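Read through the structure below, which is laid out as structure tokens, and then see the notes.
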Amino acid sequence: VFGFLILGVLLTRLFYLQVVRQEYYAKVSRDQHEQRKRVPPLRGRILDRMLEPLAYTIINPTLTAEPRRLNKSPNRASELDRLVQATGQPRQELEKKLRKKSPTVPLNDRVLMSTEAADSLRIPGISSEMAPKRIYPIGAAGAHVTGFINVDQAGTEGTEKAYQEELRGAPGWATFFR
């Protein structure tokens, strides 16, 4: 009799966990194996009447330095040489940036570089992150028409501002499985 009572309690508990609480445990399992990440939108292109680009966005590796950490490195000279080669910036300009008192300093905010060049650096105190960069092929010649964007990728002048809603784009989501 006591055995049947324990068997009944176990079967009731199993029914409760597997049937009644099935949705809850399925969600817990999904949350442990899936990770959703917000993907920011790429700003739209601005084209002229011949469909030539006046403005477009690319994803560019952005290098950030920790000046304190990099300046204390025993291999500072060779690491700086590698940064000059990777970014194409003059050595004096990089040294000026590294003298700043800020905890982090962007190194190539105005310079395009390849992903391979950024990944191959592997210098302590230098991190690389992919970030959108707006390109204006005709440069200052068309600035009065195309306008500019700010740090938040929002139009501040000209066509960039007038068509902000259309150019902004919509964010998406990426799902990663662990």
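Contact map, the stretch 97-119: first residue modelled with pLDDT under 70, second residue open to solvent by 50 Å² or more (accessible area, probe 1.4 Å) and in a loop (DSSP other than H, G, I, E, B), Cβ cut-off under 9 Å, separation 6 or more or different chains; pairs are 111/88. Restricted to the stretch 145-178, and to residues there that are under 30 Å from residue 28 (Cα atoms) and of a type outside the set (A, V, I, L, M, F, W, C), the residue that is least open to solvent (accessible area, probe 1.4 Å) is 172. Residues of the stretch 69-86 that are part of a helix (DSSP H, G or I), without any contact (Cβ under 8 Å) to a residue 40 or more places away in the chain and open to solvent by 90 Å² or more (accessible area, probe 1.4 Å): 85 alone. Within the stretch 87-111, the set of residues being open to solvent by less than 60 Å² (accessible area, probe 1.4 Å), over 20 Å from the mean Cα position of the chain (by Cα) and not polar (S, T, N, Q) comprises 94, 95, 97, 98.
Restricting to the stretch 17-53, and then to whatever is hydrophobic (A, V, I, L, M, F, W, C) and under 24 Å from the mean Cα position of the chain (by Cα), can you tell me which residue is surrounded by the fewest Cβ atoms within 10 Å (Cβ to Cβ)?
The qualifying residue surrounded by the fewest Cβ atoms within 10 Å (Cβ to Cβ) is 39.
The values are calculated or read from the model by the stated rules, or taken from the named source; none is laboratory data. Note that the structure is predicted; figures quoted are calculated from it, not measured. Virtual Cβ from ideal backbone geometry, glycine too; neighbours counted across all protein chains shown. To get the accessible areas, we keep the full protein, side chains included, count just its heavy atoms, and leave off ligands, DNA and RNA. Shrake-Rupley method; radii C 1.70, N 1.55, O 1.52, S 1.80 Å.
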